[in-house]
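Here is the structure we will look at.
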Amino acid sequence: MSSYAQKKEPFLVNPEDPRNPGSLGHPIGCKPCNKYKPERPNDSCKHAATCSFCHGKDHERPKHRGQRGRHALQRRQFLESRDVLNDQLVLIIDRIYKEPHEIMDEIKRRLRDEYTPGTPEWDREVAYLVGEIANIGDKAQNQRPDNARVRKARAEQPPESSQVDLESRCKWYTGTLHLMVRKMWDEHQPEDKKLEDINKIVTESLGLFKALVDTLTKRLEPSFRSEETVKAAVVENAWLAEPLLELVQKEASAASLPSIQQVLENEVWKELKVCLPRLRPEATEGEKATVSRKSMSSAESLEELLRLVKDCVDHDAAGILGQLALDEESE
């Protein structure tokens, strides 16, 4: 067994007499390790025997705060100290806590005008917006002086296990942007230079956040929603989504229709929408497929595509039934 694969014996700590470098000389001149917990002496501090902070059990240690708690704390500290902060810096931070929530109110209003909360359409748009806000926040974090450490920490985090709602994501974004400002303000640079850089980055980030309103407006337009309807109709046959959309757009243009929505109201589309979920992806692959993906992708009309889909579905069903009959005979 290689040395890499061998199990490493844990360092066992005696809470009564820790021997790591930071604990030597306790209680005189030592600083407590905020990661170390006396009730979990062997696994709370990853540095264990090499830690340069004290593991003495009688130290008072600050309570660990989650990200939400840290963001709430930094805002409270800002409100308590705003009278002694640089006036321009205060104005910038005020924007951080005001503008995103005003924008979020507008986003939620537009969503409620179109969809009922909890419906698939609502959940789809919320998931999209949550992801976009996360991207904007990550971009702001990458402007921090310690951005390399931040990116490493994000890479080590497991993916989110549950859906985050819009309000929570908005609060996360404001806290993240404020933290970026704090880190930049702590840099050893002239104040004028720091204010210029901070104002530029915050203005750019808030601009991206505000642009979400226009993006959502476009996504709520009938044409966009119709495109989503077309792409969703292919179900498991994602390869057919783009050719089908192009075909629908082509027919709308040929008939001089104002939108593809009117194509989606004709009988051919309605019948095609019923047949597509029955089209198994494996039925269009391989040498035995009666209708290839190439044939369907190059169909000249919805009627031709409907005929090809029907032929493939019928042939596939007949093959399955025939195999079942053979299996029964062999039994």
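The values are calculated or read from the model by the stated rules, or taken from the named source; none is laboratory data. Here the structure is a predicted model, which is why all the values come from computation and not from measurement. Please note: Cβ atoms are built from the backbone with ideal geometry, for glycine as well, and neighbour counts cover all protein chains shown. Side chains included, ligands, DNA and RNA excluded: accessible areas come from the protein's heavy atoms. Shrake-Rupley method; radii C 1.70, N 1.55, O 1.52, S 1.80 Å.
Details
- Reciprocal mean inverse distance between Cα atoms of segment 165-248 - Kirkwood radius, Å: 16.5 Å
- Carbon/sulfur fraction of accessible area - segment 225-277, other protein chains in place, 1.4 Å, %: 50 percent
- Placing a pseudo-label 7 Å from each Cα along the Cα-to-Cβ vector at His315 and Glu204 gives an inter-label distance of 5.5 nm.
- Descending by average beta-carbon neighbour count within 10 Å, the peptides 213-222, 77-86 line up as 213-222, 77-86, the highest first.
- The three principal axes of the C-alpha atoms in segment 200-295 carry coordinate ranges of 61, 33, 20 Å, sorted with the longest axis first.
- Scanning residues 5 or more positions from Cys54 or on other chains, those with amide H under 5 Å from its amide H are Lys31, Cys33, with H placed 1.01 Å from N in the peptide plane.
- Whole-number percent relative contact order across segment 173-331, with pairs defined as alpha carbons under 8 Å at least 6 apart: 17 percent
- Length gained when the stretch Leu220-Glu282 is fully extended (0.36 nm per residue, less Cα-Cα span): 18.9 nm
- According to the calculation over all Cα-Cα pairs in segment 45-141, the P(r) per 5 Å bin from zero is 2, 9, 11, 14, 13, 13, 11, 10, 8, 5, 3, 1 %.
- With 19 Å as the limit on Cα-Cα distance, the pairs of Lys139/Lys193; Lys108/Lys210; Lys139/Lys231; Lys270/Lys310; Lys98/Lys218; Lys210/Lys231 that go past it are Lys139/Lys193; Lys139/Lys231; Lys98/Lys218; Lys210/Lys231.
- Inter-label distance, nm, simple model (7 Å from Cα along the C-beta direction), Glu191/Trp122: 4.9 nm
- The trypsin sites (Lys or Arg not before Pro) of segment 276-307 that meet both conditions, a loop assignment by DSSP and at most 14 other Cβ atoms within 10 Å of the site Cβ, are Lys288.
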